[in-house]
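Scroll down for the structure; my scribbles are underneath it.
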Amino acid sequence: MRNMFKQCVVLAIVWGISLGLAGCLGTDGDESSSTVPLIGTSWTLVSLGEREVPDGPAVTLRFETEVKLGGFDGCNSYRGAFSVDGSTLNIPGEMAATRAACPEPIAGQARAYVEALARAASFAIEGDRLQLQDGSGRAIAAFKAASLTLAGTAWEVVGYNNGKQAVISVLRGTHITARFEEDGRVTGSAGCNRYFTSWETAAESISIGMPATTRMACAEPDGVMEQEARYLEALHTAASFRFDGDRLVLRTAEGAIAVSLARDAGVPPVPGSSPEARLRFDLNRLDAAGLQGPPDGLRALHYEYCIPDHPEAIAAVRAIDPTLQIQGHSPGRVGCGADALLSLGHTHQPDHGAVLVRLAQIPFIAEIREADFE
């Protein structure tokens, strides 16, 4: 029994779980099965079976109470039940989930992940790793502990409460950010103006002051100033927060979503630069195959742009443009800075126009120029 008590104390320290003696010992003084190693923990998927999870939306798993779990499967949020007896784990296959449609291979991986959860028969925790095994003891999924620290993190807003009982997306062509500084400040762009305020947390509760802003007035896109006002009001109403992999959700005291955010690549957008203006050449020069020039000398158009020297930025661009080639720390014709990577692509690819439009919509890409190799 003394060993059991010591193990629970260690787990309490590692996972930051507040435990009473009854959480480690049965009421009759005997050792009993306990879900202490799982309750309140949050994990990010790193492998399914023997296959590592590729870059993309983070797949997450949270053990919220003694019987409820939830997370994000890479495509949809899900909620379900679980039970534990020692190291035995049971997760019924019937789960509630949102119904977003996602492209392959994201959708296929999401299905495989949910199927793996339903096959889980046992678990093991070693350090910051969680492994699920099937009934034969084979590893079916491995996770790493998710960070629960808000200080020093940067985010991009993907949705906010408009004050009319609806959570709406950010206007196309605008970029709203939030950075939670370690000195207790929140700073960022509200879509037009920079803003700043204070923040503090206790457990999963959060308090954010009413932000002050700079005094710019932006005319485009239509509705940007109203969006800014509604977002700042929504941010101020946040009363709790929760991480879900690379997502952060702020909720009001009533439990409604105030602001939904995704991890930011860490580079602000270029002020006054619309996605359309970032393309510095005419796509109409190209034929359906993405080629230009005389009939006997058709060739692809090569283009270049700068991206941050950051894994998340590289992954975001590579997911859009399969022709991406990183040229390293070179200024190129486009003039990349010392902390940016010169990136090249070409138009001889399916849906070249859509690829370029999507690249131009990425906030950290200032411009896309035609490359000149002469």
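The values are calculated or read from the model by the stated rules, or taken from the named source; none is laboratory data. Please read all numbers here as calculations on a predicted model, not as lab measurements. Reconstructed Cβ throughout: ideal geometry from the backbone, glycine too, with neighbour counts over all protein chains shown.
A few comments on the model shown:
- In the stretch 202-228, the residues that are outside any strand (DSSP E or B) and surrounded by 13 or more Cβ atoms within 10 Å (Cβ to Cβ): 204, 209, 211, 218, 221, 224, 225, 227, 228
- Taking residues in the stretch 324-339 that are of a type in the set (Ser, Thr, Tyr), and partners anywhere that are assigned to a loop (DSSP other than H, G, I, E, B), the pairs with Cβ atoms closer than 8 Å and at least 6 places apart or on different chains are 330/336.
- Candidates 58, 22, 12, filtered to the one that is at negative phi, assigned by TED's automatic domain parsing to the domain that holds residue 127 and either among the aliphatic types (A, V, I, L, M) or at pLDDT below 85 (or both): 58
- Candidates 184, 127, 108, 152, filtered to the one that is within 20 Å of the chain's Cα centre (by Cα) and at pLDDT below 90: 152
- Pick from the stretch 314-323, criterion touching a residue at least 40 places away in the same chain (Cβ under 8 Å) and in contact with a Gly (Cβ under 8 Å, 6 or more places away or on another chain), ranking: surrounded by the most Cβ atoms within 10 Å (Cβ to Cβ): 319
- Where residue 152 falls short, out of the listed (1) of a type in the set (Gly, Ala, Ser); (2) in contact with a Lys or Arg (Cβ under 9 Å, 6 or more places away or on another chain); (3) free of Cβ contacts under 8 Å to residues at least 24 places away in the same chain: (3)
- Per the conditions (1) under 21 Å from the mean Cα position of the chain (by Cα); (2) in contact (Cβ under 8 Å) with a residue 40 or more places away in the chain; (3) under 30 Å from residue 320 (Cβ atoms), the sole criterion not satisfied by residue 49 is (1).
- Residue check for residue 82: surrounded by 16 or more Cβ atoms within 10 Å (Cβ to Cβ) and more than 16 Å from the chain's Cα centre (by Cα): yes
- All positions within the stretch 318-342 that are outside any loop (DSSP other than H, G, I, E, B) and within 23 Å of the chain's Cα centre (by Cα): 318, 340, 341
- For the stretch 169-198, filtering for residues that are within 12 Å of residue 228 (Cα to Cα) and in contact with a strand residue (DSSP E or B) (Cβ under 8 Å, 6 or more places away or on another chain) leaves 11.
- Some residue of the stretch 148-166 being in a strand (DSSP E or B), more than 30 Å from residue 227 (Cβ to Cβ) and in contact with a Ser or Thr (Cβ under 7 Å, 6 or more places away or on another chain): no
For (1) assigned by TED's automatic domain parsing to the domain that holds residue 200; (2) touching a Pro at 6+ places or on another chain (Cβ under 8 Å); (3) closer than 30 Å to residue 182 by Cβ; (4) surrounded by 18 or more Cβ atoms within 10 Å (Cβ to Cβ), each residue gets a yes or a no:
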{"site": "113", "(1), (2), (3), (4)": "no, no, no, yes"}
{"site": "117", "(1), (2), (3), (4)": "no, no, no, yes"}
{"site": "125", "(1), (2), (3), (4)": "no, yes, yes, yes"}
{"site": "132", "(1), (2), (3), (4)": "no, no, no, yes"}
{"site": "135", "(1), (2), (3), (4)": "no, no, no, no"}
{"site": "140", "(1), (2), (3), (4)": "no, no, no, yes"}
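- Residue within the stretch 238-249 that is in a loop (DSSP other than H, G, I, E, B), at pLDDT 80 or above and more than 30 Å from residue 370 (Cα to Cα) present: yes
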